[in-house]
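Notes follow the structure.
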Amino acid sequence: MVGTDIIEVSRIEKIIKEKGDNFLNRIYTKNEIDYCESKGLNKYQHYAGRFAAKEAVFKVLNGEIVSERSLAFKDIEILNANDGAPYINILDDIMIDCFDMNLDISISHIKKYATATAISVNPPFRS
């Protein structure tokens, strides 16, 4: 299964400037915020990239997970390996048990747009 998303960086920048910490803390983990803030003037591109990545993961899962509750944005954490490659960390224990964690993510961004693609070799299974 494949999921992809694209977003305008300016849309994320506007929401962050309007909503501030309320938006950031609802969507992003502390690790993600720290990473994006470390990027200086390009931080909004990185926030947008992570937002697109989370949306792409939702599209891969496509409602296939059967659980007591649905997955939230903060349950999906996008981190970077030592070589800079992004990877997905699912933080909800219930959700981890619901599917095989064989998900890969790719993120790209430029000044105006951020895009991400998520792929699962082993699609989620129903419990």
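The values are calculated or read from the model by the stated rules, or taken from the named source; none is laboratory data. Just so we're clear, the structure is a prediction, and the values are computed from it rather than from any experiment. Don't worry about glycine lacking a Cβ; one is built from the backbone with ideal geometry, like all the others, and counts go over all protein chains shown. The protein model used for the area step is the full one, side chains on, heavy atoms only, and it has no ligands, DNA or RNA in it. Shrake-Rupley method; radii C 1.70, N 1.55, O 1.52, S 1.80 Å.
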**Val121 accessible area, 1.4 Å probe, all protein chains in place, Å² to nearest 10** = 100
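For Asp34, Asp83, what's the largest-to-smallest order of accessible area, 1.4 Å probe?
Largest to smallest exposure gives the sequence Asp83, Asp34.
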**Message:** For the full complex of protein chains and a 1.4 angstrom probe, list Arg50, Arg26, Arg11 by accessible area with the highest value first.
**Reply:** Arg26, Arg11, Arg50
**Prompt:** Within the stretch 25-54, what residues put their amide N at less than 11 Å from the label point 7 Å along the Cα-to-Cβ vector of Lys74?
**Reply:** 25-30
**Message:** As a test question: what accessible area, to the nearest 10 Å², does Thr117 have when a 1.4 Å probe is rolled over all protein chains in place?
**Reply:** 60
**Message:** Keeping all protein chains in the complex and leaving out DNA, RNA and ligands, what accessible area do you get for Thr115 with a 1.4 Å probe, in Å² to the nearest 10?
**Reply:** 50
